[in-house]
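Written out below as structure tokens is the structure these notes cover.
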Amino acid sequence: MRCPEVNSQLQLYIDNRLSMNQVRELEEHLARCETCQKQLFLLEEITSALRELPPVAEPAGMTMLIMQRVAISSQRQSDNRFSLLRPSLPELLVVIFLASVTTLSIIWQQPSLREVLPFAKPLSQTITYVIHFLYTGDMGAITLVLWVGGAIAGVCITLALAGNEIRSQWFKAMMDRLPIR
């Protein structure tokens, strides 16, 4: 028997959960190996110290508090769960955006589609103009557009990840600050 095997069986030996053959093999190894003997003595000291500790009584109503927390957490998990048949508004908007970008990129890359579709030529010219503007345009204007877009995206992402309570508080605060009543 080797030391790793002995180390895995020492606690079982202390708890009297080994067969007679396993006990014999373990004791033969312990008679020759000082390292495993030290490990056994350490485990015996820890076990005896744990037996001397007084039992701890649980507080009254602890079971009820645990069950309430479990019920609340399972309810929150079921509220935030993704449903394929009933996607939320942010999920629908992401799907629509990604599908639109994919469709437009396919149309822009296919000259035959651009000629057939009535809106494809102006769309292609607009995309070409935007790419040209980003490539050669004024960096101040590009920075402003990216900053405003990033701020709007940040607010949208924050509101999408926040709970309903925080969203309603934010919406109420925004409506209170708007000059239009």
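Over all projection directions, the Cα-based convex hull of the range 138-181 averages an area of 4.0 nm².
Quick one: if the Förster radius is 25 Å, what FRET efficiency do R86 and N164 give, using the C-beta to C-beta distance and rounding to 0.05? All intermediate terms of the calculation are to be shown ahead of the outcome.
Numbers: r = 16 Å, r/R0 = 0.65.
Working from the Cβ atoms, E equals 0.95.
Separation of the range 1-17 and the range 121-160, taken as the distance between their Cα centroids, equals 67 angstrom. Each residue of the range 3-51 gets 64 Å³ once the volume of the Cα convex hull is shared out per residue. Against the set (i) 432; (ii) 160; (iii) 110, the structure's computed volume of the Cα convex hull per residue in Å³ falls on (i).
Working out 0.36 nm times the residue gap between M1 and I152, then minus their Cα-Cα distance, what length gain in nm do you get to one decimal?
Details: separation 151, 0.36 × 151 = 54.36 nm, distance 6.71 nm.
That works out to 47.6 nm of additional length.
The simple Förster model, with R0 at 41 Å and r as the Cβ-Cβ distance, assigns V95 and T63 a FRET efficiency of 0.40.
For each of Y135, Y13, count neighbouring Cβ atoms within 10 Å of the residue's Cβ, then give the residues from fewest to most.
On the way: Y135 8, Y13 18.
Fewest-to-most Cβ neighbours within 10 Å comes out as Y135, Y13.
Could you please rank C156, C36, placing first whichever residue has the fewest other Cβ atoms within 10 Å of its Cβ? Write out the running numbers ahead of the final one.
Values: C156 12, C36 20.
Ranking C156, C36 by Cβ neighbours within 10 Å, fewest first, gives C156, C36.
Over the range 89-137, the pair-distance histogram of Cα-Cα distances with 10 Å bins from zero comes to 25, 40, 30, 5 percent, rounded to whole numbers.
Based only on other Cβ atoms within 10 Å, what is the fewest-to-most ordering of L26, L92? Don't skip to the end; give the middle numbers.
Details: L26 20, L92 10.
Ordered by Cβ neighbours within 10 Å, fewest first: L92, L26.
Given +1 at the Cβ of Lys and Arg, -1 at the Cβ of Asp and Glu and no other charges, the dipole of the chain around its Cα centre is 1020 debye to the nearest 20. With pairing defined as another cysteine C-beta under 4.7 Å, the cysteines of the chain that fail it are C3, C156.
Where a number appears in this text, it was derived from the coordinates with a stated rule and is not lab data. Because the structure is a prediction, the values reported are computed rather than measured. Note: ideal-geometry Cβ built from the backbone for every residue, glycine included; neighbour counts use all protein chains shown.
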